[in-house]
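The values are calculated or read from the model by the stated rules, or taken from the named source; none is laboratory data. Quick caveat: nothing in here was measured; it's all calculated off a predicted structure. Glycine also receives a Cβ, built like all others from the backbone with ideal geometry; neighbour counts cover every protein chain displayed. To get the accessible areas, we keep the full protein, side chains included, count just its heavy atoms, and leave off ligands, DNA and RNA. Shrake-Rupley method; radii C 1.70, N 1.55, O 1.52, S 1.80 Å.
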Amino acid sequence: MKWPKPVSRTPRLGRASLSEKAAQRLTITLLLAPAILVILLLFMGGLITGFLRSLGYFPLIGLNDFNFEAYTTVFTDNGFIRSFILTFHIAFTSTLIASILAVASAMLLRPAFRGKRFVQFIFSLNLTIPHLVGAVGVLYLFSGSGLVSRLATGAGLIDSPQGFPAMVNDPWAIGIIIQYVWKEIPFIGVIVLAILLSVGEDYESVARSLGANRWQAFRNVTLPLIMPGVVSASVIVFAFTFGAFEIPWLLGSTFPKALPVLAFESYTDVDLAARPQAMAMAMVIAVMSSLMILAYMKVSRRYVRS
Amino acid sequence: MTQVTLSALTKQFDEKSPPAVDRLDLEIESGKLTALLGPSGCGKTTTMKMIAGLLRPTSGDIGFNGESILSIPPEDRGAVMVFQNYLLFPYMTIAENIGFGLKMRKVDRKEIRTRVTDMLDLVQLPGFEDRKPRQLSGGQQQRIALARALIVQPNVLLLDEPLSNLDAHLRDEMRELIRRIQTEMEITTVFVTHDQEEAVVLADRIALLFDGQLQQFDVPDAFFESPESIEIAKFFGGTNFIPGHYEGGEITTAIGRFRAPRSAVEGGDAVLSIRPEAVTLGAAEGNSVMGRIRSHVYVGRYARFRITLGEIEVEAITDPAQVKLFNDGDEVPVTFDPAKIWVIRPASSEQ
């Protein structure tokens, strides 16, 4: 009896697998096409239109030439520079404070203790509360006629609510920072806590056993291990706080204004000629956010590599 | 040189479950290698972490050279633990890893560098300073972890399953390295293992733990020759246990009476235990009974026979050549060498 020749079922390496790969790539592209289309049309489309308008190209109102006038105006305007500094201050300070407090809270929430689930629930509760609600809360608590001010007056710490330091609509953007910190601690904290739990306590145990005290173990071992997570979470927070409009609009001072507020107000200005400037500002915000993300990728990749 | 004393050491993680370590008394000799042996989950690593100060005991005491160290934080105990999965700090170079303990002690950089080089020589990995942990094999990582512990000149070295993640030939190498370093530096060393062979080969003394309780603390050969219970004998590969009555140096069982000068009991109900290697087939030299060969396996280095003696079945491990002498079903005289019989108390009186 003759046995049939064995048929090789394994594809030959080389051309066959190459065309297979190409087919695979095409499938993935097709599957992603709807998402890519939305991104291209809405996001890139908007960005390109915005960019063209920032260059002064706005045929609808008779502006047909390309120029950098809007950028020159924006960058030479003292108000814009101050707005830029204020916005950076808001984003940087709130991100820094929120990150430090989030890491501290995550460290506190890491060990097992009675009622941990409940505490964790409370901790992450305000992830679900909208920013606007938080802003209203800050108004109620920290404005000149707010709860804290009245309590301080009642306790005799200040003579009258007028003596309460400006914390809302103030030049240092304290109200805005309070709101962002309050809202972003659980966001960063939940991410850091997840990393802490997955890293475990063994590395710290090794460090302690080798002679590191609590602080040294945290500083030299735990912190470097969780840093990639802290960086990635805080960059998201930074990019958001840099570009968000509603909180500085509600809680910010009248001068200087945060960049997103300034851009929005120029955009809604009755003078349509202010549009290019609004777009130029929007571009600056977009470029800044992109730079932040690039910087983050560089930093985090350095950590991941090692 | 540090002597470690555990007195009634207990760790209970929660009230509902039994203690992980239960009233453990142990005197760990200074400058010797002691194994904490037992199946997984028997409290070995928990004991080790308590010695290192990484876990707080529920009750009991730990003393170094007679002085309680419970109030001393881990960083000041000088009891350094090497974990089973090495746990080299991934973002540090090998030199930074090894020098970590000295850096924490704020030792001058130059001195750290020379001592790191010395350590790399000691663990036979010279020139590895600038590599990263992930570039190293498991065996190399383990040696770096060992070097990282040794550089701080610990009072007590604690090794958690030091050989279990290594393949066979690396195991031998590592075993020799640990022995050599331990003898040279005379560090009191405790290591945890679930592998009785590893414990026997490496340790000066073995503490056997089941369910958080100390079963026997002895030199390795005692676990083969005079185990204190059937469970201990079984853990060390004992297979033949025949119940009987012990009196006047003889044990009377269902299959006959045997001379047995070595015993853990004075008299009364007892169990005859004999290791399969000590059961001989063929010549009847006294202390023998007739048995029938039920089955046999040829393993190469030895042969294993199963023999029925009335109601009882025993196992014999013999010279491999004996498979040519006997067939399954044959009647053979089975001899228990009196010097190798060990009479144990029966399991029921154990609890």
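Count the DSSP beta bridges whose two residues both fall in the protein assembly as shown, then state the antiparallel fraction as a percent rounded to the nearest 5.
Approximately 75 percent, going by the DSSP bridge assignments.
In the protein assembly as shown, what is the volume of the convex hull around the alpha carbon atoms, normalised per residue and reported in Å³?
In the protein assembly as shown, the Cα convex hull volume per residue is 300 Å³.
Rounded, prolate or oblate for chain A? Axes are the square roots of the Cα gyration tensor eigenvalues, ordered a ≥ b ≥ c, and the cut-off for rounded is a/c under 1.5.
Since a/c reaches 1.5 but b/c is at least a/b, the shape of chain A is classed as oblate.
For the range B:159-182 and the range B:203-246, compute the distance between their C-alpha centroids and round to whole Å.
Using only Cα atoms to place each centre, the spacing works out to 24 Å.
Which listed residue (B:ALA347, B:TYR246, A:PHE75) has the Cα farthest towards the positive end of the charge dipole for the protein assembly as shown, taking +1 on Lys and Arg C-beta and -1 on Asp and Glu C-beta about the Cα centre?
Farthest along the dipole direction, towards plus: A:PHE75.
How large is the charge dipole for the protein assembly as shown, taken about the Cα centre, if only the Cβ atoms of Lys, Arg (+1) and Asp, Glu (-1) carry charge, to the nearest 20 debye?
2520
Length gain on complete extension for the stretch A:ALA22 to A:ILE39, per 0.36 nm per residue less the alpha carbon to alpha carbon distance?
3.7 nm is the gain from fully extending A:ALA22 to A:ILE39.
Among A:VAL231, A:ILE85, A:ILE195, which residue has its Cα furthest toward the positive end of the charge dipole of chain A, with +1 on Lys/Arg Cβ and -1 on Asp/Glu Cβ?
A:ILE195
At 7 Å along Cα-to-Cβ for each site, give me the label-to-label distance between B:LYS110 and A:PHE68 in nm.
5.5
Please list the equivalent ellipsoid semi-axes of the range B:51-146, computed as the square roots of five times the alpha-carbon gyration tensor eigenvalues, in descending order and whole angstrom.
Three semi-axes, in Å: 29, 16, 11.
With viscosity set to 1.002 mPa s and temperature to 20 °C, compute the Stokes-Einstein D of chain B, Rh being the Kirkwood radius across alpha carbon pairs; µm²/s, no decimals.
94
Provide the gained length on full extension for the span B:ASN65 to B:VAL201, in nm with one decimal, where the gain is 0.36 nm per separating residue minus the Cα-Cα distance.
Result: 46.3 nm gained on full extension.
Could you sort B:HIS296, B:HIS169 by accessible area so the largest value comes first, with the probe set to 1.4 Å?
B:HIS169, B:HIS296
Could you tell me which trypsin sites (Lys or Arg not before Pro) in the range B:247-340 are loop residues by DSSP with no more than 15 other beta carbons within 10 angstrom of their beta carbon?
Passing both the DSSP loop test and the Cβ count: B:ARG262, B:ARG301.
Between B:ASP130 and B:ARG56, what length comes free when the chain is fully extended (0.36 nm per residue of separation minus the Cα-Cα distance, one decimal in nm)?
23.0 nm
Bin all alpha-carbon pair distances of the range B:235-292 at 10 Å intervals from 0 and give each bin's fraction as a whole percent.
21, 55, 23, 1
If B:TYR298, B:TYR246 are ordered by their accessible area, calculated over protein heavy atoms with a 1.4 Å probe, which sequence runs from highest to lowest?
Accessible-area ranking of B:TYR298, B:TYR246, largest first: B:TYR298, B:TYR246.
How many percent of Cα pairs in the range B:239-346 exceed 22 Å?
28
Please report, as a whole percent, how much of the solvent-accessible surface of chain A comes from carbon and sulfur atoms (probe radius 1.4 Å).
About 69 percent, which is the carbon plus sulfur part of the accessible surface.
Using modelled amide H (1.01 Å from N, peptide plane; none on Pro or chain starts), what sits under 5 Å from the amide H of B:GLY291, excluding residues fewer than 5 places away?
Under 5 Å from the amide H of B:GLY291 lie the amide H atoms of B:VAL332, B:VAL334, each far enough along the sequence or on another chain.
For a quick check of understanding: with a 1.4 angstrom probe and all protein chains in place, what accessible area in square angstrom does B:ASP204 have, to the nearest ten?
The accessible area of B:ASP204 comes to roughly 50 Å².
Calculate, for A:ILE85 and A:TYR267, the FRET efficiency according to 1/(1 + (r/R0)^6) with r their C-beta to C-beta distance and R0 30 Å; round to the nearest 0.05.
0.90
Taking 30 Å as the cut-off for C-alpha to C-alpha distance, list the pairs among A:LYS183/A:LYS298; B:LYS11/B:LYS103; B:LYS49/B:LYS103; A:LYS116/B:LYS106; A:LYS116/A:LYS183 that go past it.
Cα-Cα > 30 Å for B:LYS11/B:LYS103; A:LYS116/B:LYS106; rest within.
Between A:ILE100 and B:ARG262, take the C-beta separation as r, use R0 = 60 Å, and let me know the FRET efficiency to the nearest 0.05.
0.30
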